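Student: Sharing a structure below in structure tokens format, with a few things to ask.
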């Protein structure tokens, strides 16, 4: 082969190799280009205006912009986390307070439930007790009465009267079918009724005096030292406060002291008085007072009497009674711890007849025993209680006041 032909073959080989390499490189470049096109964001098919395209060209490079976005996202996430943390904390506190509140509610609920159960239990026991009944036996009465018996003995009430009160309670309650829880109460009621029935009701003095066509005459009698004259003055003062004028008659002609005392009080209270002249009889003094009252339109005559325990004194009182015919004869007896007032009252009632009683000097000794003793024994009403030495120290007797003092009111 010539040199020319060799060169021609060599050039041919070069060209072939060049083509091969060129085709290889073109394939690789195509692959790279396809990969790059996949990585690039797809362009929207929508047409972009020239102004927008101009703005996009002015934007920062993609890498720098992505860093900023990532940073901003991190800040937003941090803020969100902090906000979540705050919300979680407030939720926790809210839940905690809610739990506390719930626990308190549960405790309260449990407490009131227990209380209600106790109440229901108590009510059931009371209902069951209320439905139970029993007969009151004498032994039940004796048990309750023992305390009262002690009280009655302490106020020196006679054993006979105590026995009568007990007997009355037996009659009212013995063998009766009563609810168990009411036995004590019923015995106390029976005691109250027993004592109340002993005390006699008194008439309305003011009504009687005002309705009388003639002067209303009240005779005062009683033992020496009982406070008879002073009681008469007190009644005169009491009537005066009720707008009823009275005249005082000093028919105690044996005691100058009594006559002088009566005269002093009559002047002090501005009340008219008739007193004995020399040699005058007590009955005539009383009669003169009654006549004067009728002439002057005086509604009431209060007559004092003398008493020394003699037959002559008794004779004079009987003479006064037959002469002036008193509307009411009042016995004045002082409050005592013995039976002396009772014995005197029995005597005066037998001799002259008693219509009512004034118990004096109750400020010195309590009147409970005297009231019950006289009420039971002579069965006469008690009109007044003397509570001191002054004219205003007089109170009308009230049954309820005595029952209250005995703790039965």
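The values are calculated or read from the model by the stated rules, or taken from the named source; none is laboratory data. These numbers come from a predicted model, not from an experiment. Cβ coordinates were reconstructed from backbone atoms using ideal geometry, including for glycine residues, and neighbour counts include every protein chain displayed.
Student: From the list 254, 274, pick out the single residue that is crowded, with 21+ Cβ neighbours inside 10 Å and over 28 Å from residue 365 (Cα atoms).
Tutor: 274
Student: Still on this model: Being in contact with a helix residue (DSSP H, G or I) (Cβ under 6 Å, 6 or more places away or on another chain), surrounded by fewer than 21 Cβ atoms within 10 Å (Cβ to Cβ) and assigned to a helix (DSSP H, G or I) is the requirement here; does residue 266 meet it?
Tutor: Here the answer is no, as residue 266 does not meet what is asked.
Student: While we're on this one: Select from region 307-328 the residues that are in a loop (DSSP other than H, G, I, E, B) and either touching a helix residue (DSSP H, G or I) at 6+ places or on another chain (Cβ under 6 Å) or not assigned by TED's automatic domain parsing to the domain that holds residue 234 (or both) and list them in ascending order.
Tutor: Passing the criteria: only 307.
Student: Can you tell me which of 342, 302 is at pLDDT 95 or above, buried (at least 19 other Cβ atoms within 10 Å of the Cβ) and either under 48 Å from the mean Cα position of the chain (by Cα) or at negative phi (or both)?
Tutor: Result: 302 is the single residue among 342, 302 that is at pLDDT 95 or above, buried (at least 19 other Cβ atoms within 10 Å of the Cβ) and either under 48 Å from the mean Cα position of the chain (by Cα) or at negative phi (or both).
Student: Tell me yes or no: at least one residue of region 362-379 is touching a strand residue (DSSP E or B) at 6+ places or on another chain (Cβ under 9 Å), within 24 Å of residue 214 (Cβ to Cβ) and touching a residue at least 60 places away in the same chain (Cβ under 8 Å).
Tutor: no
Student: When you scan region 284-299, do you find a residue that is buried (at least 22 other Cβ atoms within 10 Å of the Cβ), in a loop (DSSP other than H, G, I, E, B) and within 57 Å of the chain's Cα centre (by Cα), even just one?
Tutor: Looking for residues that are buried (at least 22 other Cβ atoms within 10 Å of the Cβ), in a loop (DSSP other than H, G, I, E, B) and within 57 Å of the chain's Cα centre (by Cα), one finds none in region 284-299, hence no.
Student: Let me ask you something else. Answer with yes or no whether residue 199 is crowded, with 17+ Cβ neighbours inside 10 Å, at pLDDT below 85 and in contact with a helix residue (DSSP H, G or I) (Cβ under 9 Å, 6 or more places away or on another chain).
Tutor: No: the conditions fail for residue 199.
Student: For residue 218, all conditions in the list (1) outside any helix (DSSP H, G or I); (2) surrounded by fewer than 23 Cβ atoms within 10 Å (Cβ to Cβ); (3) in contact (Cβ under 8 Å) with a residue 40 or more places away in the chain hold save one; what is the number of the exception?
Tutor: All conditions are met except number (2).
Student: Check whether at least one residue in region 178-186 is touching a helix residue (DSSP H, G or I) at 6+ places or on another chain (Cβ under 9 Å), within 24 Å of residue 374 (Cα to Cα) and modelled with pLDDT of 80 or more, and report yes or no.
Tutor: The answer is no; no qualifying residue exists.
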